[in-house]
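Just so you know, all these numbers are worked out from the coordinates, no wet-lab data involved. Please read all numbers here as calculations on a predicted model, not as lab measurements. Note that each Cβ is placed from the backbone with ideal geometry, even for glycine, and that neighbours are counted across all protein chains shown.
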Amino acid sequence: MRLYLPRGPRGPRRVPARACGVAVLALLLLMGAGCQVTRNAVGPDPGATNGSAAPLDATFQSAVVQVTRRVRPAVVQITNEQTQTFQLGQPDTVPAGVGSGIIYDSQGHILTNNHVIAGAEKLLVSLPDGRAFPGSVVGADPQTDLAVVQISGDNLPTAALGSSDQLQVGDWVVAIGNALALPGGPTVTAGVVSALNRTVQEPGTAGSGTGLTVGPYLFDVIQTDAAINPGNSGGPLVNLQGQVIGINTMVAGQAEPGLQAEGIGFAIAISTVKPIADELVATGHAAHPYLGISYQPLNPAIAAQLGTSARSGAVIVQVVPGSPAETAGMQLHDVITGIDGQPLDTESALAEILNRHRPGDTIELTVLRGNQTVTLQVTLSQTPPAS
């Protein structure tokens with residue numbers, strides 16, 4: 001099970017300390033205060049990551065300090081304010097949650113997560129230098145969980161966007177954000193790129209307009225062990241050249257009942273973020289292909305209930321009226337087993353294949369209806385705005 005990085009609480013919340021902290025402290029004491037570890041010994045070759053950007057310093061410790069000095073001033077706290085009615089029956093606008101964001105240009109555009117700003121009636125954007133501004137939503141995209149917020153002010157600090165295409169597993173990264181909404185400004189953690197090109201699924205909300213009863217899949221996601229917590233959502237994942245290479249979004253939940261996963265966080269790669277952000281700034285929304293179904297992955301229990309011989313695929317549980325799926329003749333309990341001849345052999349396969357298409361594309365669906373195989377041609381439309 002995976003878990004959102006929810007908007008941070010208004011006060012601190014206890015989190016378990018990492019057991020390895022004691023071992024690291026002991027190791028540092030043995031090494032002595034005068035011993036320095038070079039980045040070549042413990043980190044990646046700076047020239048091998050994100051082009052030819054010059055390293056900030058020869059030591060890993062100094063590099064993290066300089067990355068922090070360069071990027072942290074542009075990391076903002078975003079307070080999502082919503083109207084709530086209290087016991088006396090008097091409605092009031094109060095903080096509903098806190099997240100993070102990163103100012104990336106001189107126009108005051110801020111990258112963050114859609115779930116940080118979702119449902120907000122007002123946004124308060126606070127900078128580490130003590131200034132605060134009202135924020136306005138330029139555009140939001142629930143399907144990729146990205147949003148752009150804008151503030152207006154003088155001498156706004158900015159952070160440079162890098163490239164995630166050159167990342168390698170093992171590269172050092174720094175996560176900066178308003179963890180647990182603790183006072184004192186953004187906190188900083190460091191770790192490595194644990195894996196690349198992950199596919200993760202977010203929790204869903206009924207009526208989200210995505211055509212899914214569960215949350216959208218995020219593709220080509222960066223996995224890191226840099227500690228991220230509630231309140232970090234929307235904050236930057238940064239390389240040692242001080243460039244933003246990801247937007248921190250979610251963490252792994254329980255590996256199994258009663259066993260919490262540790263050291264597994266996910267960031268949306270900046271190669272995915274940039275084009276979506278450009279679309280949001282230009283038009284206020286991002287265009288995605290729309291099929292118009294709600295579905296769930298086929299499993300043995302559902303297969304037995306439906307009496308189907310299929311072993312994998314997507315079971316249709318709703319066909320949206322007026323959608324491309326309805327126009328093409330899709331029906332409740334149809335099992336989609338393939339698209340354009342490619343089998344749906346994983347839970348995310350349907351979303352992943354659709355993600356490669358654009359509105360207006362025509363795809364061929366292989367559908368098992370009872371014991372009969374049906375081929376349907378579907379012309380995709382554009383995902384409607386979230387209601």
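Viscosity 1.306 mPa s, temperature 10 °C: give me the Stokes-Einstein translational D for segment 108-148 in µm²/s, with Rh taken as the Kirkwood radius over C-alpha pairs.
On the way: Rh = 10.8 Å.
Estimated diffusion coefficient is 147 µm²/s.
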- line: Karplus ³J(HN,Hα) for segment 260-272 (6.51 cos²θ - 1.76 cosθ + 1.60, θ = phi - 60°; Hz, whole; x = Gly/Pro) runs 7, 5, 10, x, 10, x, 10, 10, 6, 4, 5, 5, 7
- prompt: Roughly how many nanometres apart are two label points built 7 Å out from the Cα toward the Cβ at Thr373 and Lys274?
  reply: 4.2
field: FRET efficiency estimate (nearest 0.05) - Cβ-Cβ, Asp220 to Leu332, R0 35 angstrom
entry: 0.60
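How much length is gained on full extension from Glu256 to Ser348, taking 0.36 nm per residue of separation minus their Cα-Cα distance?
Numbers: separation 92, 0.36 × 92 = 33.12 nm, distance 2.05 nm.
Full extension from Glu256 to Ser348 adds 31.1 nm.
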Cα-only radius of gyration and Dmax that characterise segment 276-387, units Å: 14.7, 49
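Express in % the proportion of alpha carbon pairs of segment 174-333 at distances exceeding 25 Å. Could you put the intermediate results ahead of the total?
Numbers: 5958 of 12720 pairs.
For segment 174-333, the fraction of Cα-Cα distances above 25 Å is 47 percent.
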- prompt: If you take the square roots of the eigenvalues of the alpha-carbon gyration tensor of segment 263-338 and sort them as a ≥ b ≥ c, do you get rounded (a/c under 1.5), prolate (a/b over b/c) or oblate?
  reply: oblate
task: For Gly139, list long-range residues whose amide hydrogen, built 1.01 Å from N in the peptide plane, is under 5 Å from its own amide hydrogen.
output: Val148
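Scale the Cα Rg of segment 143-208 by the rule-of-thumb value 2.2 N^0.38 Å and send over the ratio, two decimals.
Numbers: Rg = 16.1 Å, N = 66, 2.2 N^0.38 = 10.8 Å.
Against the empirical 2.2 N^0.38 Å value, I get 1.49 for segment 143-208.
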- request: Take the Cα atoms of segment 108-227, build their convex hull, and give its volume per residue in Å³.
  value: 133
field: Alpha-carbon Debye profile of segment 214-269, log10 I(q)/I(0) at 0.22 Å⁻¹
entry: -0.88
- request: Report P(r) for segment 98-178: all Cα-Cα distances, bin width 5 Å, range 0 to the bin holding the largest distance, values in whole percent.
  value: 3, 13, 24, 23, 19, 11, 6, 2, 0
- prompt: Normalised by the number of residues in segment 330-379, what is the relative contact order in percent for Cα pairs under 8 Å and 6+ residues apart?
  reply: 40
- request: Scale the Cα Rg of segment 134-180 by the rule-of-thumb value 2.2 N^0.38 Å and send over the ratio, two decimals.
  value: 1.55
field: Two-site label geometry, Glu364 and His285: point separation in nm, points 7 Å out along Cα→Cβ
entry: 3.2
